[in-house]
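Q: This is the structure I want to talk about, given as structure tokens.
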Amino acid sequence: MINRTLIILKPDAIQRNLVGEIISRIEKKGLKITAMKMVLLSRERAEKLYEIHRDKKFFNDLVNYITSGPVIAMIVEGNDVINVVRKLMGKTNGAEAEPGTIRGDYSTSIEKNLIHGSDSEESFKREMPVFFTEEEIIKYTKIDENWIK
Ligand code: IDP
Ligand code: MG
């Protein structure tokens, strides 16, 4: 079973100085970051990332938003990580997301909702190459691994 996901800290997370706060939640949950980089996406790469939304009415705004400033992309690993990260994120619309989630605590917007996490293995496989090659994902051991599985 695949136990990796792609997380993107969106431009608002960087502009609002929430990068440390969000990464801290990922670390404290016991997840393992195995790749991380800051990227200013081109329109072409942004359109590839969000290709499943191409026909939605918000597609053009979404591409404008995600290319409006740097993002931080991460590969994160852990038990059932796709599900776990989606729960940490909360619902898409920050105004409806539960308190205690990242979006619930820091966003009131349906668009500027701070964080992306792959919603399935299929999405992960499509999204990962927008940011990373397989060689960029680092295999290493953390000393807490026996305490979190
Ligand atoms: P998700 O990020 O929770 O998986 P999706 O429905 O996959 O949500 O939408 C992708 C992104 O598009 C959202 O995170 C948000 O930034 C933006 N978005 C979703 N729905 C709307 C909308 O109705 N208006 C504007 N932007 C939206
Ligand atoms: Mg989605």
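Q: Name the residue from LEU62, LEU18, ILE138 whose Cα lies farthest towards the positive end of the charge dipole of the chain, charges +1 on Cβ of Lys and Arg and -1 on Cβ of Asp and Glu.
A: LEU18
Q: Right, another one. Pick out which of VAL71, VAL39, VAL85 has the largest mean-square fluctuation in a Gaussian network model of the chain, springs linking Cα atoms closer than 10 Å.
A: VAL39
Q: Can you give the net charge of the other residues whose Cβ lies under 14 Å from the Cβ of LYS142, counting K and R as +1 and D and E as -1?
A: Numbers: positive: LYS28, LYS29, LYS32, LYS139, LYS149; negative: GLU27, GLU77, ASP144, GLU145.
Overall, the nearby charge balance is +1.
Q: OK, next. Which aspartates and glutamates have a Cα lying under 15 Å from the Cα of LYS56, excluding residues fewer than 8 positions away in the same chain?
A: Answer for LYS56, where 15 Å is the Cα cut-off: GLU47, GLU111, listed by chain and number.
Q: Give me the net charge of LYS48's neighbourhood, meaning all other residues with Cβ under 11 Å from the Cβ of LYS48; Lys, Arg count +1, Asp, Glu -1. Let's see the in-between values first.
A: Numbers: positive: ARG43, ARG45, ARG54, ARG126; negative: GLU44, GLU47, GLU51, GLU127.
Computed value for this residue: 0.
Q: Per-residue HN-Hα couplings for the stretch 133-144, Karplus 6.51 cos²θ - 1.76 cosθ + 1.60 at θ = phi - 60°, whole Hz, x for Gly and Pro?
A: Karplus-based 3J(HN,Hα) across the stretch 133-144 equals 8, 4, 5, 7, 8, 8, 8, 8, 9, 10, 6, 8 Hz.
Q: Something else: Scan the stretch 20-118 for GluC sites (Glu not before Pro) in coil per DSSP, keeping those whose Cβ has at most 15 other Cβ atoms within 10 Å, and list them by number.
A: Working: sites: GLU21, GLU27, GLU44, GLU47, GLU51, GLU77, GLU96, GLU111; in loops: GLU96, GLU111.
For GluC sites (Glu not before Pro) across the stretch 20-118 that sit outside H, G, I, E and B with at most 15 neighbouring Cβ atoms in 10 Å, the list reads GLU96.
Q: Right, here's the next one. Farthest toward the dipole's positive end in the stretch 1-95, which of ILE52, LEU40, GLY90, given Cβ charges of +1 (Lys, Arg) and -1 (Asp, Glu) about the Cα centre?
A: Value computed over the given set: GLY90.
Q: Take LEU40 and ILE110, extend 7 Å from each Cα along the Cα→Cβ direction, and tell me the distance between the two endpoints in nm.
A: With each label point 7 Å from Cα toward Cβ, the separation is 3.1 nm.
Q: Apply the Karplus curve 6.51 cos²θ - 1.76 cosθ + 1.60, θ = phi - 60°, to the phi angles in the stretch 18-23 and return the couplings in whole Hz, x for Gly and Pro.
A: 9, 4, x, 4, 6, 5
Q: Relative to the longest principal axis of the chain, what angle (0 to 90°, nearest 10) does the C-alpha long axis of helix 121-131 take?
A: For 121-131 against the chain, the angle is about 80 degrees.
Q: With a probe of 1.4 Å, find how much accessible area the chain has per residue, and write the answer as a whole number in Å².
A: Working: 8370 Å² over 149 residues.
Ligands and nucleic acids excluded, the figure is 56 Å² per residue.
Q: Could you list which residues have their amide H under 5 Å from that of ILE115, counting only those 5 or more apart in sequence or on another chain, with H placed in the peptide plane?
A: Counting only residues 5 or more places away or on other chains, the set is LYS10.
The values are calculated or read from the model by the stated rules, or taken from the named source; none is laboratory data. Since the model is a prediction, treat every value here as computed from it, not as a measurement. Glycine gets a Cβ as well: all are built from the backbone with ideal geometry, and neighbour counts include every protein chain shown. Calculation scope for accessible area: heavy atoms of the full protein, side chains included, ligands and nucleic acids excluded. Shrake-Rupley method; radii C 1.70, N 1.55, O 1.52, S 1.80 Å.
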